[in-house]
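**Q** My structure is below; once you've seen it, I'll send some questions.
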Amino acid sequence: MKITIYFFLLLLSFTINSVSATVQKFNFFDLNKQLNIFLKKEYPLNEDSIKIIIHTPLKKNIYCRKPDFSILSNTHNLGLINILLTCSKQHYYLTVEVQSEGEYIVANRKIPRGTRIKESDLKILIGRLDVLPNNTYRKKKDVVNRISLRDFFPLQPITSFMTRPFWLVKVNQQVTVIINGNNFKMSSKAKSLSNGAQNQNIRVKTNSGKIINGIINENGEVIVSP
(Lines give C-alpha, C1' and ligand atoms only; values in the text may rest on other atoms or scores of the structure.)
Protein backbone atom coordinates (compact mmCIF):
# COMPACT_ATOMS: atom_id res chain seq x y z
CA MET A 1 0.00 0.00 0.00
CA LYS A 2 2.83 2.39 0.92
CA ILE A 3 4.57 1.63 -2.36
CA THR A 4 1.36 2.39 -4.27
CA ILE A 5 0.87 5.74 -2.49
CA TYR A 6 4.52 6.67 -3.02
CA PHE A 7 4.27 5.83 -6.72
CA PHE A 8 1.05 7.86 -7.00
CA LEU A 9 2.64 10.93 -5.32
CA LEU A 10 5.73 10.64 -7.51
CA LEU A 11 3.59 10.47 -10.63
CA LEU A 12 1.50 13.46 -9.47
CA SER A 13 4.65 15.52 -8.76
CA PHE A 14 6.08 14.69 -12.17
CA THR A 15 2.78 15.67 -13.84
CA ILE A 16 2.58 19.00 -11.98
CA ASN A 17 6.19 19.85 -12.79
CA SER A 18 5.64 19.00 -16.44
CA VAL A 19 2.53 21.17 -16.62
CA SER A 20 4.32 23.99 -14.79
CA ALA A 21 7.26 23.84 -17.20
CA THR A 22 4.87 23.86 -20.14
CA VAL A 23 2.99 26.89 -18.76
CA GLN A 24 6.23 28.75 -18.08
CA LYS A 25 7.48 28.04 -21.58
CA PHE A 26 4.17 29.16 -23.06
CA ASN A 27 4.17 32.37 -21.01
CA PHE A 28 7.72 33.21 -22.03
CA PHE A 29 6.87 32.56 -25.68
CA ASP A 30 3.73 34.67 -25.37
CA LEU A 31 5.69 37.66 -24.03
CA ASN A 32 8.11 37.41 -26.95
CA LYS A 33 5.20 37.20 -29.35
CA GLN A 34 3.50 40.26 -27.80
CA LEU A 35 6.75 42.22 -27.92
CA ASN A 36 7.15 41.40 -31.61
CA ILE A 37 3.60 42.58 -32.32
CA PHE A 38 4.22 45.83 -30.39
CA LEU A 39 7.49 46.67 -32.14
CA LYS A 40 6.17 45.93 -35.61
CA LYS A 41 3.40 48.46 -34.97
CA GLU A 42 5.91 51.02 -33.70
CA TYR A 43 8.17 50.60 -36.73
CA PRO A 44 6.05 51.03 -39.89
CA LEU A 45 8.38 49.06 -42.16
CA ASN A 46 5.72 46.91 -43.74
CA GLU A 47 7.78 45.98 -46.78
CA ASP A 48 10.85 45.17 -44.71
CA SER A 49 11.99 42.10 -42.83
CA ILE A 50 12.16 42.79 -39.08
CA LYS A 51 14.06 40.68 -36.56
CA ILE A 52 13.87 41.32 -32.83
CA ILE A 53 16.54 40.10 -30.38
CA ILE A 54 15.98 40.45 -26.63
CA HIS A 55 19.30 41.04 -24.85
CA THR A 56 17.75 41.08 -21.36
CA PRO A 57 16.71 37.57 -20.29
CA LEU A 58 13.02 37.41 -19.33
CA LYS A 59 12.07 35.38 -16.29
CA LYS A 60 10.23 32.32 -17.50
CA ASN A 61 7.69 32.44 -14.68
CA ILE A 62 6.35 35.86 -15.72
CA TYR A 63 2.74 35.71 -16.83
CA CYS A 64 1.07 38.74 -18.41
CA ARG A 65 -2.49 38.59 -19.58
CA LYS A 66 -2.16 42.10 -21.03
CA PRO A 67 1.52 43.16 -21.14
CA ASP A 68 2.10 46.88 -21.67
CA PHE A 69 5.23 47.92 -23.57
CA SER A 70 6.68 51.41 -24.06
CA ILE A 71 9.88 52.64 -25.71
CA LEU A 72 12.10 54.64 -23.35
CA SER A 73 13.24 57.25 -25.87
CA ASN A 74 11.83 60.01 -28.05
CA THR A 75 13.21 58.57 -31.27
CA HIS A 76 12.32 55.35 -33.05
CA ASN A 77 15.78 54.40 -34.26
CA LEU A 78 16.65 50.88 -35.26
CA GLY A 79 19.36 48.95 -33.41
CA LEU A 80 19.54 48.78 -29.60
CA ILE A 81 16.58 50.29 -27.77
CA ASN A 82 15.33 50.23 -24.17
CA ILE A 83 11.79 49.09 -23.44
CA LEU A 84 9.68 49.21 -20.29
CA LEU A 85 7.44 46.20 -19.74
CA THR A 86 4.61 46.74 -17.25
CA CYS A 87 3.04 43.51 -16.03
CA SER A 88 0.57 43.38 -13.12
CA LYS A 89 2.01 46.61 -11.67
CA GLN A 90 5.52 45.15 -11.91
CA HIS A 91 8.10 46.90 -14.12
CA TYR A 92 10.80 45.20 -16.16
CA TYR A 93 13.46 47.02 -18.20
CA LEU A 94 14.47 45.31 -21.40
CA THR A 95 17.29 45.93 -23.85
CA VAL A 96 16.09 44.92 -27.29
CA GLU A 97 17.81 44.96 -30.68
CA VAL A 98 15.63 45.73 -33.69
CA GLN A 99 17.17 44.53 -36.95
CA SER A 100 15.55 45.34 -40.27
CA GLU A 101 16.37 44.60 -43.87
CA GLY A 102 15.07 46.64 -46.80
CA GLU A 103 15.84 49.00 -49.66
CA TYR A 104 17.94 52.16 -49.27
CA ILE A 105 19.55 54.72 -51.58
CA VAL A 106 23.26 55.02 -52.42
CA ALA A 107 25.25 57.06 -54.92
CA ASN A 108 25.56 55.33 -58.29
CA ARG A 109 28.70 57.32 -59.13
CA LYS A 110 30.83 60.09 -57.67
CA ILE A 111 28.56 63.12 -57.20
CA PRO A 112 30.43 66.41 -56.70
CA ARG A 113 29.32 68.92 -54.10
CA GLY A 114 26.67 71.33 -55.38
CA THR A 115 25.21 68.90 -57.92
CA ARG A 116 21.49 68.82 -58.61
CA ILE A 117 20.85 65.11 -58.19
CA LYS A 118 19.26 63.12 -61.01
CA GLU A 119 17.64 59.70 -60.81
CA SER A 120 20.53 58.20 -62.79
CA ASP A 121 22.91 59.35 -60.02
CA LEU A 122 21.20 57.00 -57.59
CA LYS A 123 21.07 53.26 -57.00
CA ILE A 124 18.88 51.08 -54.78
CA LEU A 125 20.53 48.47 -52.55
CA ILE A 126 18.99 45.94 -50.17
CA GLY A 127 20.62 45.37 -46.80
CA ARG A 128 20.55 45.90 -43.04
CA LEU A 129 18.84 49.21 -42.27
CA ASP A 130 19.76 49.19 -38.58
CA VAL A 131 23.49 49.56 -39.34
CA LEU A 132 23.02 52.53 -41.67
CA PRO A 133 23.39 56.21 -40.65
CA ASN A 134 20.25 57.85 -39.29
CA ASN A 135 17.91 59.41 -41.88
CA THR A 136 19.30 57.38 -44.79
CA TYR A 137 17.02 57.87 -47.79
CA ARG A 138 14.80 54.92 -48.69
CA LYS A 139 13.24 56.13 -51.94
CA LYS A 140 14.75 57.76 -55.03
CA LYS A 141 11.95 60.34 -55.32
CA ASP A 142 13.00 61.84 -51.99
CA VAL A 143 16.50 62.59 -53.31
CA VAL A 144 15.94 63.56 -56.97
CA ASN A 145 16.33 67.33 -57.63
CA ARG A 146 17.98 67.96 -54.26
CA ILE A 147 21.46 69.52 -54.03
CA SER A 148 24.44 67.61 -52.67
CA LEU A 149 26.13 69.42 -49.77
CA ARG A 150 29.39 67.47 -50.17
CA ASP A 151 31.04 64.97 -52.49
CA PHE A 152 29.31 61.59 -52.63
CA PHE A 153 31.28 58.45 -53.47
CA PRO A 154 30.00 55.36 -55.31
CA LEU A 155 27.79 53.09 -53.14
CA GLN A 156 27.82 55.62 -50.28
CA PRO A 157 24.45 55.73 -48.44
CA ILE A 158 22.81 59.16 -48.80
CA THR A 159 21.18 60.82 -45.79
CA SER A 160 18.98 63.88 -45.43
CA PHE A 161 21.88 65.70 -43.73
CA MET A 162 23.90 65.42 -46.96
CA THR A 163 21.44 67.26 -49.21
CA ARG A 164 19.30 70.38 -49.34
CA PRO A 165 16.35 71.41 -51.50
CA PHE A 166 16.91 73.00 -54.89
CA TRP A 167 16.11 76.66 -54.39
CA LEU A 168 13.66 77.95 -56.99
CA VAL A 169 13.72 81.27 -55.14
CA LYS A 170 16.74 82.80 -53.40
CA VAL A 171 16.88 85.41 -50.68
CA ASN A 172 16.52 89.04 -51.91
CA GLN A 173 15.41 87.81 -55.34
CA GLN A 174 12.71 89.74 -57.20
CA VAL A 175 9.79 87.36 -57.68
CA THR A 176 6.36 87.48 -59.23
CA VAL A 177 3.55 87.36 -56.69
CA ILE A 178 0.17 86.14 -57.89
CA ILE A 179 -2.77 86.92 -55.63
CA ASN A 180 -5.88 84.84 -56.12
CA GLY A 181 -9.03 86.42 -54.70
CA ASN A 182 -12.74 86.01 -55.06
CA ASN A 183 -13.46 86.54 -58.75
CA PHE A 184 -10.15 88.30 -59.37
CA LYS A 185 -6.47 87.58 -59.93
CA MET A 186 -3.62 90.07 -59.85
CA SER A 187 0.17 89.96 -59.98
CA SER A 188 2.95 92.19 -58.78
CA LYS A 189 6.64 92.11 -57.90
CA ALA A 190 8.14 91.53 -54.48
CA LYS A 191 11.44 90.67 -52.83
CA SER A 192 11.91 87.27 -51.21
CA LEU A 193 13.04 87.25 -47.59
CA SER A 194 14.53 83.73 -47.67
CA ASN A 195 15.43 80.82 -49.90
CA GLY A 196 12.61 78.55 -50.96
CA ALA A 197 11.91 75.33 -52.87
CA GLN A 198 8.84 74.24 -54.80
CA ASN A 199 5.69 73.93 -52.64
CA GLN A 200 7.40 75.63 -49.70
CA ASN A 201 5.91 78.56 -47.84
CA ILE A 202 7.90 81.80 -48.19
CA ARG A 203 7.66 85.39 -46.97
CA VAL A 204 8.05 88.23 -49.46
CA LYS A 205 8.14 92.01 -49.12
CA THR A 206 6.12 94.08 -51.58
CA ASN A 207 7.25 97.45 -53.00
CA SER A 208 4.92 99.14 -50.54
CA GLY A 209 6.71 97.44 -47.63
CA LYS A 210 3.98 94.93 -46.79
CA ILE A 211 5.12 91.40 -45.87
CA ILE A 212 2.96 88.55 -47.12
CA ASN A 213 3.18 84.75 -47.19
CA GLY A 214 2.74 82.52 -50.19
CA ILE A 215 3.55 79.14 -51.73
CA ILE A 216 6.22 78.73 -54.42
CA ASN A 217 4.96 77.01 -57.57
CA GLU A 218 6.98 75.06 -60.15
CA ASN A 219 7.75 78.28 -62.05
CA GLY A 220 9.25 80.07 -59.03
CA GLU A 221 6.19 82.30 -58.62
CA VAL A 222 4.70 82.99 -55.19
CA ILE A 223 1.01 82.15 -55.02
CA VAL A 224 -1.06 83.97 -52.39
CA SER A 225 -4.54 82.67 -51.69
CA PRO A 226 -7.14 84.08 -49.28
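**Q** Can you find a residue that is surrounded by 14 or more Cβ atoms within 10 Å (Cβ to Cβ), in contact with a strand residue (DSSP E or B) (Cβ under 6 Å, 6 or more places away or on another chain), among the polar types (S, T, N, Q) and farther than 30 Å from Leu129 by Cβ anywhere in the range 214-223?
**A** Restricting attention to the range 214-223, the residues satisfying the condition of being surrounded by 14 or more Cβ atoms within 10 Å (Cβ to Cβ) are 214-217, 220-223.
Imposing the further condition that a residue be in contact with a strand residue (DSSP E or B) (Cβ under 6 Å, 6 or more places away or on another chain) reduces the set to 214-217, 220-223.
From what's left, among the polar types (S, T, N, Q): 217.
Then keep just the ones that are farther than 30 Å from Leu129 by Cβ; that gives 217.
Looking through the range 214-223, at least one residue is surrounded by 14 or more Cβ atoms within 10 Å (Cβ to Cβ), in contact with a strand residue (DSSP E or B) (Cβ under 6 Å, 6 or more places away or on another chain), among the polar types (S, T, N, Q) and farther than 30 Å from Leu129 by Cβ.
**Q** Among the listed residues Ile53, Ile37, which satisfies the condition of being in a helix (DSSP H, G or I), open to solvent by 40 Å² or more (accessible area, probe 1.4 Å), over 22 Å from Thr163 (Cα atoms) and modelled with pLDDT of 80 or more?
**A** Working: Ile53 fails: in a helix (DSSP H, G or I).
Answer to the selection: Ile37.
**Q** On to the next question. So the check is Cβ under 8 Å with 6+ separation or different chains; which pairs have a first residue in the range 108-119 that's assigned to a loop (DSSP other than H, G, I, E, B) and a second one that's open to solvent by 100 Å² or more (accessible area, probe 1.4 Å)?
**A** Sorted first by the residue in the range 108-119, then by its partner, the pairs are Lys110/Phe153; Arg113/Arg150.
**Q** Another question, then. Just to be sure, is Asp142 under 30 Å from Gly196 (Cα atoms) and either touching a helix residue (DSSP H, G or I) at 6+ places or on another chain (Cβ under 8 Å) or open to solvent by 40 Å² or more (accessible area, probe 1.4 Å) (or both)?
**A** For Asp142, the condition - under 30 Å from Gly196 (Cα atoms) and either touching a helix residue (DSSP H, G or I) at 6+ places or on another chain (Cβ under 8 Å) or open to solvent by 40 Å² or more (accessible area, probe 1.4 Å) (or both) - is met.
Residue-wise test of (1) within 30 Å of Tyr104 (Cα to Cα); (2) without any contact (Cβ under 8 Å) to a residue 60 or more places away in the chain; (3) part of a loop (DSSP other than H, G, I, E, B); (4) polar (S, T, N, Q).
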residue	(1), (2), (3), (4)
Asp130	yes, yes, yes, no
Pro133	yes, yes, yes, no
Lys189	no, yes, no, no
Ile202	no, yes, no, no
Pro226	no, yes, yes, no
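**Q** Looking at (1) assigned to a strand (DSSP E or B); (2) within 20 Å of the chain's Cα centre (by Cα), which is the only condition Lys123 fails?
**A** (2)
**Q** Looking at this structure, is Phe69 at pLDDT 75 or above and in a strand (DSSP E or B)?
**A** Numbers: at pLDDT 75 or above: yes; in a strand (DSSP E or B): yes.
Spelling it out, Phe69 is indeed at pLDDT 75 or above and in a strand (DSSP E or B).
**Q** Related question: Do we find that Asn172 is open to solvent by 80 Å² or more (accessible area, probe 1.4 Å) and outside any helix (DSSP H, G or I) in this structure?
**A** Judged against the criteria, Asn172 is a match.
**Q** Let me ask another. Pick from Ile126, Ile83, Ile105: which is among the aliphatic types (A, V, I, L, M) and surrounded by fewer than 16 Cβ atoms within 10 Å (Cβ to Cβ)?
**A** Ile126
The values are calculated or read from the model by the stated rules, or taken from the named source; none is laboratory data. The shown structure was predicted, so the numbers you read here are calculated from the model rather than taken from an experiment. Quick reminder, even Gly has a Cβ in these numbers, built from the backbone with ideal geometry, and neighbours come from all protein chains shown. Ligands, DNA and RNA are excluded from the accessible area calculation, which covers all protein heavy atoms including side chains. Shrake-Rupley method; radii C 1.70, N 1.55, O 1.52, S 1.80 Å.
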